[in-house]
1. Quick one: count up the residues across the range 121-135 that are surrounded by fewer than 16 Cβ atoms within 10 Å (Cβ to Cβ) and in a loop (DSSP other than H, G, I, E, B).
2. Take residues that are touching a Lys or Arg at 6+ places or on another chain (Cβ under 8 Å), surrounded by 17 or more Cβ atoms within 10 Å (Cβ to Cβ) and on the phi < 0 side of the Ramachandran plot and tell me which of the helices (runs of 4 or more DSSP H) falling wholly in the range 206-297 contain 2 or more.
3. Any residue at all in the range 255-278 that's aromatic (Phe, Trp, Tyr) and closer than 25 Å to Pro195 by Cβ?
4. Find the residue count for the range 152-178, including only residues that are among the small types (Gly, Ala, Ser), closer than 18 Å to Leu112 by Cβ and surrounded by 21 or more Cβ atoms within 10 Å (Cβ to Cβ).
5. Kindly establish whether Gln199 is of a type outside the set (Ser, Thr, Tyr), touching a residue at least 24 places away in the same chain (Cβ under 8 Å) and surrounded by fewer than 17 Cβ atoms within 10 Å (Cβ to Cβ).
6. May I ask you to list the residues in the range 179-196 that are of a type outside the set (A, V, I, L, M, F, W, C) and either surrounded by 15 or more Cβ atoms within 10 Å (Cβ to Cβ) or closer than 16 Å to Ile165 by Cα (or both)?
7. Can you give me the number of residues within the range 136-159 that are assigned to a loop (DSSP other than H, G, I, E, B) and within 20 Å of the chain's Cα centre (by Cα)?
8. Has the range 160-175 got at least one residue that is within 25 Å of Gly231 (Cα to Cα) and either under 20 Å from the mean Cα position of the chain (by Cα) or modelled with pLDDT under 95 (or both)?
Amino acid sequence: CSPSGEEARDVLALSQAISDALEAQVRRAPAFYFWMHRRFRPQPAHLPLTALNLRFLAETAAAHPLAPGVRPVFEPRAATNTEPGAGGRPQSQPPTGAAALGPARPRPALFLDLDGTLIEDVGYLSAFGQMRLLPGAAEAIARANAAGHPVVVLTNQSGVARGYITEAFARESADHLRALLAAHGARIDGYHYAPEHPQGRPPYDIESDRRKPGAGMVLAACRELGLQPAGAYMIGDQRSDIETGAHLGLIPLLVRTGSGRETERALPADFAARGGRVFESLAEAIDWILARDAAER
């Protein structure tokens, strides 16, 4: 049955409030939309998240006057035609090309190791002056940013458990890294570290799933940013990096910087089956991902 005009206006007002709240959340954290779109995406897949949910509300109420102050939730933007023969008045036309396809699919996340992958591996980093970006890494991250890939750093920091550095230093390292990247027009969307080690000092002397190859940091980042692990990339130079998230569907990419060449000598048995590849550097790995994006368009 068709709702009455009053019922339709009430439903529209409620849906407007929901839409406004969702829009505010998306503006605060765009990755939230990516998660919502993947988690609840209607069919056909190219339509926006709220289109099918709210289209029928707008169409039902189209014949009824709206309550004062309430604007339609679903108002597709139409192209206009003011060519001769149209009387000089704009006429609506259906969207074509990319506009007809709706928003692009969200890009998979890039989970990056830190030492030996993004920055030089100096053993146990204990001073900000030791943090040096590997050649081309920041520029490659900037390209990934521009392409819409969320970029998250996941790093084991057992130096905390071993007493070499404080946890405060491990936290502050994230800010220093962000500053180094910002100087090259690049950014990271998340930074997670695992300070535990079973042979460390209390209270860090524990087995923790946060330490790679455990999936704890991956799952934490996915919750924080609304990411999907399946199809995301895990890029690193250690065996623990490329084994991380195997059961979650992460694609392992090994880089030959840091300890990568040694790791390459004994790759995990399922490395190729999971789509694993080996690259000279983080920059080369990211450029391969971006080329893959272009081939899938």
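1. 7
2. Here the list reads 216-225, 239-243, 282-296.
3. no
4. 1
5. Values: of a type outside the set (Ser, Thr, Tyr): yes; touching a residue at least 24 places away in the same chain (Cβ under 8 Å): yes; surrounded by fewer than 17 Cβ atoms within 10 Å (Cβ to Cβ): yes.
For Gln199, the condition - of a type outside the set (Ser, Thr, Tyr), touching a residue at least 24 places away in the same chain (Cβ under 8 Å) and surrounded by fewer than 17 Cβ atoms within 10 Å (Cβ to Cβ) - is met.
6. Of everything in the range 179-196, those that are of a type outside the set (A, V, I, L, M, F, W, C) and either surrounded by 15 or more Cβ atoms within 10 Å (Cβ to Cβ) or closer than 16 Å to Ile165 by Cα (or both) turn out to be His184, Asp189, Gly190, Tyr191, His192, Tyr193, Pro195, Glu196.
7. 3
8. no
The values are calculated or read from the model by the stated rules, or taken from the named source; none is laboratory data. Computed from a predicted structure; not experimentally measured. Cβ coordinates were reconstructed from backbone atoms using ideal geometry, including for glycine residues, and neighbour counts include every protein chain displayed.
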